[in-house]
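See below for the structure under consideration.
The values are calculated or read from the model by the stated rules, or taken from the named source; none is laboratory data. Predicted, not measured: the structure shown is a model, and the values here were computed from it. Positions of Cβ are backbone-derived with ideal geometry, glycine not excepted, and every protein chain shown enters the neighbour counts.
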Amino acid sequence: MKPYLKLDHIDKVFTRGNVSSEVLKDINLTLAKGEYVSIIGHSGCGKSTMLNIIAGLTTATMGGVLLEDREVNSPGPDRAVVFQNHSLLPWLTVYQNVQLGVDKVFARSKSKKEREAWIVHNLNLVQMTHAKDKRPSEISGGMKQRVGIARALAMEPKVLLLDEPFGALDALTRAHLQDSVMALHQKLGNTIVMITHDVDEAVLLS
């Protein structure tokens with residue numbers, strides 16, 4: 001079976017002045033469609049760099065990333081990232097934060113009414129419809145992460161990239177969100193790559 005996502009001999013070297021530091025060396029990874037893979041390791045070992053290369057936010061020094069046999073080396077809506085710090089725009093409401101991505105990706109393929117229904121559908125998936133008119137400062141950390149997940153899912157990405165998405169949350173909120181992500185994965189069958197330094201979380205979700 002052909003791999004859906006493939007990291008092919010990835011090296012990454014960061015250079016500042018005369019100093020070079022090798023962060024990744026000969027990384028190879030293949031994922032099947034619908035897989036949930038966790039990348040675990042201690043802080044500073046290159047996990048987020050690897051995720052950023054898949055996302056197209058960082059370029060590999062050597063090697064490449066193939067998604068459905070096509071090389072990816074720049075950001076695109078086929079790969080959506082959920083960061084640890086949610087990255088919501090504070091001046092927009094919950095609804096508008098999701099709308100931003102939806103309007104960009106589906107401007108030509110969905111009518112305004114279809115886009116509105118799609119935004120509500122995705123907020124509903126993460127149980128955040130009730131807070132759609134609130135701004136990020138008016139909701140909790142766990143709720144912000146739910147919105148971040150809804151925003152990513154709403155773009156219908158081929159690969160969902162999660163960069164320690166529960167790292168900043170308290171234990172109870174974290175457990176609830178882990179359950180939500182597992183339920184979403186079961187329902188939608190997304191291909192997911194998650195970065196974590198929590199072994200229990202990696203085992204539970206993958």
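Would you confirm, using the coordinates I've provided, whether residue 33 is at pLDDT 90 or above, within 19 Å of the chain's Cα centre (by Cα) and of a type in the set (Lys, Arg)?
Values: at pLDDT 90 or above: yes; within 19 Å of the chain's Cα centre (by Cα): yes; of a type in the set (Lys, Arg): yes.
Taking the combined requirement at face value, the residue satisfies it.
Here are 107, 55: which of them is on the phi < 0 side of the Ramachandran plot, among the small types (Gly, Ala, Ser) and either within 15 Å of the chain's Cα centre (by Cα) or at pLDDT 90 or above (or both)?
Details: 107 fails: either within 15 Å of the chain's Cα centre (by Cα) or at pLDDT 90 or above (or both).
Of 107, 55, the one residue that is on the phi < 0 side of the Ramachandran plot, among the small types (Gly, Ala, Ser) and either within 15 Å of the chain's Cα centre (by Cα) or at pLDDT 90 or above (or both) is 55.
List pairs: first in the stretch 117-138 and on the phi < 0 side of the Ramachandran plot, second outside any helix (DSSP H, G or I) and surrounded by 13 or more Cβ atoms within 10 Å (Cβ to Cβ), Cβ under 7 Å, 6+ apart or cross-chain? Partner pairs satisfying both residue conditions: 118/110; 123/132; 131/139; 132/93; 133/93; 134/93; 135/93; 136/88.
Scanning the stretch 75-94 for residues that are touching a Leu at 6+ places or on another chain (Cβ under 8 Å) and part of a loop (DSSP other than H, G, I, E, B), we see that the one that is surrounded by the fewest Cβ atoms within 10 Å (Cβ to Cβ) is 89.
Just one of (1) crowded, with 18+ Cβ neighbours inside 10 Å; (2) under 28 Å from residue 67 (Cβ atoms); (3) not β-branched (Val, Ile, Thr) fails for residue 136. It is (2).
Cβ-Cβ contacts under 6 Å between residues 6 or more apart (or on different chains), taken from a first residue in the stretch 156-167 that is closer than 24 Å to residue 106 by Cβ to a second residue that is among the acidic types (Asp, Glu) and in a loop (DSSP other than H, G, I, E, B), are listed as 157/78; 158/78.
From the list 47, 25, 12, the one residue that fits, being surrounded by 12 or more Cβ atoms within 10 Å (Cβ to Cβ), over 24 Å from residue 188 (Cα atoms) and touching a helix residue (DSSP H, G or I) at 6+ places or on another chain (Cβ under 7 Å), is 12. Checked against (1) closer than 23 Å to residue 191 by Cβ; (2) assigned to a loop (DSSP other than H, G, I, E, B); (3) among the charged types (D, E, K, R), residue 133 passes all but a single condition, namely (1). The residue that is modelled with the lowest pLDDT, counting only those in the stretch 183-192 that are under 14 Å from the mean Cα position of the chain (by Cα) and of a type in the set (A, V, I, L, M, F, W, C), is 184.
If you check residue 66 against the conditions, is it among the aliphatic types (A, V, I, L, M), in contact with a helix residue (DSSP H, G or I) (Cβ under 9 Å, 6 or more places away or on another chain), part of a strand (DSSP E or B) and at pLDDT 90 or above? First the steps, then the outcome.
Numbers: among the aliphatic types (A, V, I, L, M): yes; in contact with a helix residue (DSSP H, G or I) (Cβ under 9 Å, 6 or more places away or on another chain): no; part of a strand (DSSP E or B): yes; at pLDDT 90 or above: yes.
No: the conditions fail for residue 66.
Taking the numbered list (1) without any contact (Cβ under 8 Å) to a residue 24 or more places away in the chain; (2) surrounded by fewer than 19 Cβ atoms within 10 Å (Cβ to Cβ) in turn, residue 72 passes all entries but (2). Listed conditions (1) loosely packed, with under 15 Cβ neighbours inside 10 Å; (2) among the polar types (S, T, N, Q); (3) assigned to a helix (DSSP H, G or I) are all met by residue 97, apart from (1).
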